[in-house]
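Worksheet for the structure shown next.
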Amino acid sequence: MAVSRRAAVTGLVALGLGLPAIRGLALPASRPWLPRPVELASGEILAASRARLPFTAAESRGYGYNQTSPGPLIRVRKGEEFRIRIANHLNEETTFHWHGLICPTEADGQPQNPVLPGESAEVAFPILQRAGLSWYHPHPHGATAKQAWHGMGWAVSL
Ligand SMILES: [Cu+2]
């Protein structure tokens, strides 16, 4: 019996969510579920921004992408060109690091290539690798952990 990657991931997530209940550690009923992420198509804008955080019952704000946290899901396919416009709508520098994707160093959002507040840029490179799940996150010098902990990061699915 063939199991699709989507079914396998869904099953693993469901299993992970169910384990606390099995151990008697059920989440409080008031705790919100993690929302299904919106998807971003190639060529659209991915903007680092302030965002509402869904992890707490109370309204709280942190960082995200396109006003959401987790940020949009980006699907790509081997052989396609990954092309996206990045923009920084924060009041501090950030980067857009494609963790797990094989890409040119200058496109990989490393600390030496910050995107300053108000700046935007085009990122494009070919997808060379096979199916997998990667994630994007900020990687600014001295503020990577702060920005990630405050809600920035999400997935690129192949
Ligand atoms: Cu990383």
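The values are calculated or read from the model by the stated rules, or taken from the named source; none is laboratory data. Keep in mind that what you see is a predicted model, and the values were worked out from it rather than measured. As a convention, Cβ positions derive from the backbone with ideal geometry for all residues, glycine included, and neighbour counts pool all protein chains shown. Calculation scope for accessible area: heavy atoms of the full protein, side chains included, ligands and nucleic acids excluded. Shrake-Rupley method; radii C 1.70, N 1.55, O 1.52, S 1.80 Å.
One table, with the values for the structure above:
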{"quantity": "Within segment 47-94, strands (runs of 3 or more DSSP E) holding 2 or more residues that are among the small types (Gly, Ala, Ser)", "calculated": "60-65"}
{"quantity": "Residue in segment 132-143 that is outside any loop (DSSP other than H, G, I, E, B), within 12 Å of the ligand (Cβ to nearest atom), under 12 Å from the mean Cα position of the chain (by Cα) and over 22 Å from residue 50 (Cβ atoms) present", "calculated": "yes"}
{"quantity": "Tabulated pairs, segment 94-107, first within 12 Å of the ligand (Cβ to nearest atom), second small (Gly, Ala, Ser) and modelled with pLDDT of 95 or more, C-beta under 7 angstrom, 6+ apart or interchain", "calculated": "95/109; 96/109; 97/109; 98/109"}
{"quantity": "Only listed residue being open to solvent by less than 10 Å² (accessible area, probe 1.4 Å), of a type in the set (Val, Ile, Thr) and away from the ligand (no atom under 16 Å from the Cβ), chosen from 127, 45", "calculated": "127"}
{"quantity": "Residue satisfying condition, being modelled with pLDDT of 95 or more, surrounded by fewer than 19 Cβ atoms within 10 Å (Cβ to Cβ) and more than 16 Å from the ligand (Cβ to nearest atom), within set 111, 117", "calculated": "117"}
{"quantity": "Output for segment 79-102, where each listed residue is of a type in the set (A, V, I, L, M, F, W, C) and crowded, with 18+ Cβ neighbours inside 10 Å", "calculated": "82, 84, 86, 87, 90, 96, 98, 101"}
{"quantity": "Selection count, segment 95-112, where residues are out of contact with any Phe, Trp or Tyr (no Cβ under 9 Å at 6 or more places or on another chain) and in a loop (DSSP other than H, G, I, E, B)", "calculated": "4"}
{"quantity": "Of residues in segment 57-66 being in contact (Cβ under 8 Å) with a residue 12 or more places away in the chain and out of contact with any Lys or Arg (no Cβ under 7 Å at 6 or more places or on another chain), the one most open to solvent (accessible area, probe 1.4 Å)", "calculated": "66"}
